[in-house]
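A short write-up of the structure that comes next.
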């Protein structure tokens with residue numbers, strides 16, 4: 001019996017196998033993280049990576065990648081390569097939330113930090129990462145800010161010397177006073193000043209839009225002013241630190257500006273989901289489709 005031709009419904013000649021649904025194409029490289037789509041994909045990180053790729057996301061970030069077993073790092077790297085997911089940031093070192101480290105000028109703390117950076121190089125190679133997050137830690141309340149800045153810059157210069165031969169980039173993340181009181185690095189102009197002082201392609205800014213909305217506002221002008229030192233963005237709305245469209249930030253305008261500037265890097269989705277369960281995960285995906293710049 002002769003077979004029929006392909007029907008307009010998208011089924012095969014045997015009427016059994018539907019066409020694969022075209023993958024959604026985002027204009028920008030948004031990077032979800034492990035756990036964001038757990039309800040839809042299950043607990044397995046590999047399954048979650050595949051789910052992200054199926055939704056059209058082109059990148060992925062993982063703050064805790066340094067602490068994952070090597071075999072898991074290798075397995076995740078393979079999936080990212082197979083599914084064309086670009087690796088975003090991971091946290092490169094121990095962060096001192098409540099006591100000074102880099103700002104203090106303490107030589108032991110500096111040595112500890114640099115050893116973490118050396119280990120981060122190996123992780124970055126293993127998982128195909130280019131960027132790693134660095135947070136200089138708490139202020140040293142016994143020292144003036146000028147002295148602290150010099151100590152931080154010197155530590156970062158030494159770290160940059162480790163990273164430069166490998167083409168890797170540490171991105172400095174200013175954090176807001178409300179969620180992280182007492183930290184040394186809080187504002188984008190401060191990060192810009194430090195990057196200019198370090199003067200290395202391996203030391204740039206991670207501009208977290210959620211943190212900077214709380215800390216300083218004036219988002220688009222500050223992004224414009226820091227542009228030549230920004231290598232990475234992270235997103236989250238305020239209040240709540242959930243997906244875009246749930247708070248006060250006009251993400252359509254901010255992302256349109258970033259896209260117009262020709263940004264080709266990664267924008268990490270470092271936020272929670274405003275609703276629980278699969279409906280909440282679907283809402284996250286739809287929110288990014290809404291605010292993503294139009295071609």
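Any read-out appearing in this document is the output of simple, stated calculations on the displayed coordinates, not a laboratory observation. All figures in this text were calculated on a predicted structure; none of them were measured in a lab. Please note: Cβ atoms are built from the backbone with ideal geometry, for glycine as well, and neighbour counts cover all protein chains shown.
Points worth noting:
- Residues (touching a strand residue (DSSP E or B) at 6+ places or on another chain (Cβ under 6 Å) and buried (at least 20 other Cβ atoms within 10 Å of the Cβ)) located in segment 58-77: 59, 60, 61
- Here residue 101 meets the list (1) in contact with a helix residue (DSSP H, G or I) (Cβ under 9 Å, 6 or more places away or on another chain); (2) crowded, with 22+ Cβ neighbours inside 10 Å; (3) closer than 18 Å to residue 232 by Cα almost entirely, failing just condition (3).
- Boolean, residue 258 is in a helix (DSSP H, G or I) and crowded, with 19+ Cβ neighbours inside 10 Å: yes
- Of all residue pairs spaced 6 or more apart or on separate chains, those with beta-carbon atoms under 6 Å, a first member in segment 282-295 that is under 14 Å from residue 267 (Cβ atoms) and a second member that is part of a helix (DSSP H, G or I) are 291/251; 291/252; 291/255; 293/255; 293/256; 293/259.
- Residue within segment 247-259 that is under 29 Å from residue 157 (Cβ atoms) and either touching a residue at least 40 places away in the same chain (Cβ under 8 Å) or under 15 Å from the mean Cα position of the chain (by Cα) (or both) present: yes
- Of everything in segment 274-292 that is crowded, with 16+ Cβ neighbours inside 10 Å and outside any helix (DSSP H, G or I), the residue that is farthest from the chain's Cα centre (by Cα) is 274.
- Restricting attention to segment 186-203, the residues that are in contact (Cβ under 8 Å) with a residue 40 or more places away in the chain and within 17 Å of the chain's Cα centre (by Cα) add up to 2.
- Hits in segment 121-140 (condition: in contact (Cβ under 8 Å) with a residue 24 or more places away in the chain and either farther than 15 Å from residue 62 by Cβ or surrounded by fewer than 18 Cβ atoms within 10 Å (Cβ to Cβ) (or both)): 121, 125, 126, 128, 134, 135, 136, 137, 138, 139, 140
- All conditions in (1) surrounded by fewer than 18 Cβ atoms within 10 Å (Cβ to Cβ); (2) in contact with a helix residue (DSSP H, G or I) (Cβ under 8 Å, 6 or more places away or on another chain); (3) over 28 Å from residue 182 (Cβ atoms) hold for residue 43, with the sole exception of (2).
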